[in-house]
Amino acid sequence: MASGHGEDLGNGVYVSPAENGQLVVTSPRLDLGWRVAVGRVPGTAVLWRDQPFEVVARTAAGSRHRWTLRPPVATKFVAPRHTAPPPSILRTTLVTAAVTLGPRADQERWAATLGVRPRWLTMAGAAAEFLGGLTNLGRDAAAGGLFFIVLDMYLILEGSLRLLSALGGRPCGSVFGWLVRPLYRSSLPPSG
């Protein structure tokens, strides 16, 4: 229902058109609880006749309230980029375990994917080699298997050298990494 105050919405709330496509909402008694835009924080969104508006100003005089609403500033809509689904945790764990033995270049590429430092991958692989060789050495010596004793000694030595390299800031691959490389190679991000 239109009147001299604008369109009556009931309870003394009136809506009137203003300049520049804005609206003025007045109420002699009701505080509608709308938030005014401040800086980069937008004001309350109000839908009027299927058109969106934003509260940009509020004045109060006694119990009378007046809000100024403006149409939203046109912004260019940027559609979200479609991304690949997140990798499975099992696949990520298995690839990470294999890459800890891989060559330095592979460790650097995979570390960038995980958001970690490449030398941490070397440290994890080197620690596993060292501790695995050390743990198995006593058992293999008791069993009398010369081949496994030599293998354990090699793992301890290589793990120690790789760990020292990583502590110095440089990732370092394992000889065994070349054996497992074909298993994880397709999971690495493209180089370059």
(message) Under a Cβ-only charge scheme (Lys and Arg +1, Asp and Glu -1), can you give me the dipole magnitude of the chain about the Cα centre, in debye to the nearest 20?
(response) 340
(request) May I ask for the angle, rounded to the nearest 10°, between helix 146-167 and the longest principal axis of the chain, with both axes built from Cα atoms and the value confined to 0 to 90°? (result) 40
(message) If I stretch the segment between ARG139 and ARG64 completely, what's the gain in nm (0.36 nm per residue apart, minus their alpha carbon distance), one decimal?
(response) 18.1 nm
(message) Counting only helical runs of four or more DSSP H residues, what would the 222 nm mean residue ellipticity of the chain come to if each run contributes -39,500 (n - 2.57) and the total is spread over all its residues?
(response) -13500 deg cm²/dmol
(request) Express the accessible area of the chain per residue in Å², computed with a 1.4 Å probe while the remaining protein chains stay in the model. (result) 66
(request) Would you mind checking the stretch 108-123 for residues with the amide N under 16 Å from a putative spin-label position 7 Å along Cα→C-beta of LEU164? (result) 123
(request) Work out, step by step, the length gained on full extension between LEU114 and SER187: first 0.36 nm times the residue separation, then minus their alpha carbon distance; give nm to one decimal. (result) 25.0 nm
(request) Give, as ranges by residue number, the residues of the stretch 160-192 whose backbone N falls under 20 Å from the point 7 Å along Cα→Cβ of ARG91. (result) 180-191
(message) Using a 7 Å offset from the Cα along the Cα-to-Cβ direction at both SER16 and ALA57, what is the distance between the two label points in nm, to one decimal?
(response) 1.3
(request) For the stretch 90-103, just list the computed ³J(HN,Hα) in residue order, Karplus coefficients 6.51, -1.76 and 1.60, θ = phi - 60°, integers in Hz, with x standing in for Gly and Pro. (result) 5, 4, 4, 5, 5, 5, 4, 4, 5, 5, 4, 9, x, x
(message) Could you work out the relative contact order of the chain? I mean the mean sequence separation of Cα pairs under 8 Å and 6+ apart, divided by the number of residues, in percent.
(response) 15
(message) With a 1.4 Å probe and all protein chains left in place, how much of the accessible area of the chain comes from carbon and sulfur atoms, in whole percent?
(response) 64
(request) Enter the angle in degrees (range 0 to 90, nearest 10) between the Cα long axis of helix 104-114 and the first principal axis of the Cα atoms of the chain, meaning the one along which they spread out most. (result) 30
(request) Would you mind finding the longest exposed-site-free stretch of the chain, with exposed trypsin sites (Lys or Arg not before Pro) meaning DSSP loop and at most 11 other Cβ atoms within 10 Å? (result) 82-192
(message) So I have [x] 73, 17, 14; [y] 35, 22, 13; [z] 30, 21, 16, and one of them is semi-axes √(5λ) of the Cα gyration tensor in Å calculated from this model. Which one is it?
(response) [x]
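The values are calculated or read from the model by the stated rules, or taken from the named source; none is laboratory data. This one's a predicted model, so the numbers in the text were calculated from it and none came from an experiment. Heads up, the Cβs are rebuilt from the backbone with ideal geometry, glycines too, and the neighbour counts pull from every protein chain shown. Side chains are part of the model used for accessible areas, which takes the heavy atoms of the whole protein and leaves out ligands, DNA and RNA. Shrake-Rupley method; radii C 1.70, N 1.55, O 1.52, S 1.80 Å.
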